[in-house]
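The values are calculated or read from the model by the stated rules, or taken from the named source; none is laboratory data. Just so it is clear, the structure is predicted and the values come from calculations on it, not from any experiment. Note: ideal-geometry Cβ built from the backbone for every residue, glycine included; neighbour counts use all protein chains shown.
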Amino acid sequence: MIQFLKKNLLLFLVLAAISVIVAACANMAAPTGGDYDLQPPKVVRATPGFNATNVTKGKIVIEFDENVTIERPSENVIITPPQKSFPVINTVNRKVNVELRDTLLPNTTYTIDFTNSIVDNNENNPIENFSYSFSTGDIVDSMAVSGKVLTADNLEPVKGIYVGLHSNLNDTAFTRTKFERISRTNDVGAFTIRGVAPGKYRLYALDDSNRDYMYDNPAEAIAFMETIIEPASERAMRSDTTYTDPEKKLIDTVTTIEYTRFLPDNIILRSFKSGFQRQFLQKHERIGNKLSIFFGAPTQLPDLEPLNFDGDKDWYVLERTPKNDTLTYWIKDKEIMATDTLSFQITYLKTDTLNQSMPVTDTLRFVDRTRRNVKDDKKKEKEKEKKKKDGEEPEITFLNITNNLSSTWDTYKNISLVFDEPIISDSLAAKIKFQQLRDSVYYDLPLQLESDSLNPRKYTIKHKWGYGNEFLIQIDSAAIHSIYGLWNNKLEQKFKVKAEDQYGQLAIRVAGVDSVTSFMELLDKSDKPIRKTRVIDNIAVFRDLDPGSYYVRIILDANNNGVWDTGDFEKGIQPELVCYSPKEYKIRAFSEVYDDEAWVIDPANLANQKPLEITKQKPQEKDSKRKQLEEKEAKENQQERDRNRERNSMNPNMDNDSQYGTRGSRGSTGNRY
């Protein structure tokens, strides 16, 4: 026996080495094989059962035919009636456990809408639109209402906003009590409120930041319906198509299926913010001769009364933003400039705990922290004197002029001039030379110069530019000086207006609106408004457009003020209506586009108006599950090949493919051993 073992020992060792190599190679590229798992998990049982009645405990267990998990339950699982305490939701192998921590209400239908959050562990196949209901009474309410929520000013789908019902038809229910039934919009703004009892309801949407399910913060986005809704149902038919080849859309059979349709199912809610912003004094500062006051929201112009100098003096030039949330006081009195600290009493509006704006009075101290000390000033003066003795030119600080001038000019533009500091504006127009080139000679033109009503440093030059004309703007050096003594440097710019053949023209005819109180906006590919025009005699005209692709929307301007206005829930005012044309307008150079087929404005069809090309919240383009898995496997194969090449580089005597193997196509062994 011992002799036999000695004789065959070498053979055993060789066989063992071969086994190790085969096992190692197989581990490097495990066979895939078999069909892809494309089926979602199936429910085996639920405790309590689906639509169970007279339930007394809020513990639910749902069992599936395979291991499952729940993706982001706090975001994706909607429980109605809404819960004060978020329930415990977890998975253990094939079971989903839900434990409601709130006390169950009597005679109430509870609905747990899992949306698409339950997926299998293998390939993340979701059970789509899966929900579970039970009742603490004798009846399970089964009605449903559905629709979409869109942003009122641009018809973007609103994702993740709560939509709720109140059987209390008073407006105060929305602001004082929680929703009775809720849902939440998906990525395309769609919602379905389930488990609704027959009756009359008011419908609202609420971007509920504190999750108390009531409109108690006027800064939250909301939507509301003016009309009362009554859920109903009807028998309906739909077609169900079976494909022989889903990817090629080859139809096998078309089956007609009867189902229960719950109404209303086409509600459109337009969400908006009321315009409310909490008013408060944010900060104040002094930089040199400029005092700045910043408020947290638009406000009325405050009352500012000096405390340590004579307020009757003409001591400042005021610059402000359109809604007074930033105020800048340019000091122009030398005695006040020399004062290190300036004190004021200010009276302004502040929002109290009841969200009411009330006047309050504070004292503000403005300290010039940029002021140099006396030693620094003396040192600076000595340096200047030394440069003069050495014959050096002193450094000059010019009054800067920011402008929008360029060598090529558009017919619809105005020239903007903004000075760094307020200027002595006497006879400013006479100091600006405005000329047009004719027969190789520049001729003077009358200058239409306008000062800005809010910014005293800004001026606008308007002119009716002709196609192809050439112009010259000149301001001589030291022609203009600021209230602080700075003089301008020379400004000179020649520019030429584009020729007519570089532009395209667009005219759009509309129907179904009051053109007296409507205006249209031209949009670029990012949905940004770039031009605006009034609708006159049912036609909107956009002149001198650069070649490109454009879209349009119309604003039904109820108060005829030329801007879109938001809504007001307390006053029962909806935001002004915005409608999109589904068309893309392609403008070419030296062409005219006249859309003589009237665009019929249809406020009832808002959900399908906005072109997908400029919709930011697009539907997620979900490829077939098979394609996703194929891409995943291809990626894994590439990673395996990369690892093999790395091993091969460390051992050049081994063949990358033949020694280590790679994954094969689906169903093959995937290796060579």
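Points worth noting:
- Hits in the range 319-365 (condition: in a loop (DSSP other than H, G, I, E, B) and under 40 Å from the mean Cα position of the chain (by Cα)): 321, 322, 323, 324, 325, 352, 353, 354, 355, 356
- Among the conditions (1) under 29 Å from residue 605 (Cβ atoms); (2) in a strand (DSSP E or B), residue 132 misses just one, which is (1).
- Filter result for residue 595 (assigned by TED's automatic domain parsing to the domain that holds residue 507 and farther than 18 Å from residue 522 by Cβ): no
- Considering the range 115-143, and only residues there that are out of contact with any Gly (no Cβ under 8 Å at 6 or more places or on another chain) and of a type in the set (D, E, K, R), the residue that is modelled with the lowest pLDDT turns out to be 123.
- Filtering the range 580-589 to residues that are without any contact (Cβ under 8 Å) to a residue 40 or more places away in the chain and within 13 Å of residue 606 (Cα to Cα) leaves only 582.
- Taking the criterion of being closer than 30 Å to residue 563 by Cβ and among the charged types (D, E, K, R), the residues of the range 120-154 that qualify are 148, 153.
- On inspection, residue 230 qualifies as in contact with a Lys or Arg (Cβ under 7 Å, 6 or more places away or on another chain), charged (D, E, K, R) and within 21 Å of residue 110 (Cα to Cα).
- Residue check, residue 112 at pLDDT below 95 and surrounded by 14 or more Cβ atoms within 10 Å (Cβ to Cβ): no
- Subset of the range 159-189 (residues that are among the aliphatic types (A, V, I, L, M) and within 19 Å of residue 72 (Cα to Cα)): 161, 182, 188
- Test: residue in the range 170-180 that is surrounded by 18 or more Cβ atoms within 10 Å (Cβ to Cβ) and assigned to a loop (DSSP other than H, G, I, E, B): yes
- Subset tally (residues that are touching a strand residue (DSSP E or B) at 6+ places or on another chain (Cβ under 8 Å), in contact (Cβ under 8 Å) with a residue 60 or more places away in the chain and either outside any loop (DSSP other than H, G, I, E, B) or of a type in the set (S, T, N, Q) (or both)) for the range 115-128: 6
- Within the range 497-537, tally of residues that are more than 22 Å from residue 153 (Cα to Cα) and in a loop (DSSP other than H, G, I, E, B): 4
- Of all residues in the range 317-356, those that are of a type in the set (S, T, N, Q) and crowded, with 16+ Cβ neighbours inside 10 Å total 3.
- Inclusion of residue 552 among residues that are without any contact (Cβ under 8 Å) to a residue 60 or more places away in the chain, surrounded by 12 or more Cβ atoms within 10 Å (Cβ to Cβ) and of a type in the set (Val, Ile, Thr) is warranted.
- Single residue of 6, 57 found to be modelled with pLDDT of 90 or more and not aromatic (Phe, Trp, Tyr): 57
- The number of residues in the range 272-293 being of a type outside the set (S, T, N, Q) and within 19 Å of residue 341 (Cβ to Cβ) comes to 10.
- The residues listed here are 112, 79, 89; of these, the one that is in a strand (DSSP E or B), without any contact (Cβ under 8 Å) to a residue 60 or more places away in the chain and in contact with a Pro (Cβ under 6 Å, 6 or more places away or on another chain) is 89.
- Restricting attention to the range 401-430, the residues that are out of contact with any Ser or Thr (no Cβ under 8 Å at 6 or more places or on another chain), more than 17 Å from residue 494 (Cα to Cα) and in contact (Cβ under 8 Å) with a residue 40 or more places away in the chain total 2.
- Residues considered: 417, 454, 405. Of these, the only one that is outside the structural domain of residue 291 (by TED's automatic domain parsing) and in a strand (DSSP E or B) is 417.
- Of all the residues in the range 181-213, those that are outside any strand (DSSP E or B) and either at pLDDT 95 or above or not aliphatic (A, V, I, L, M) (or both) number 15.
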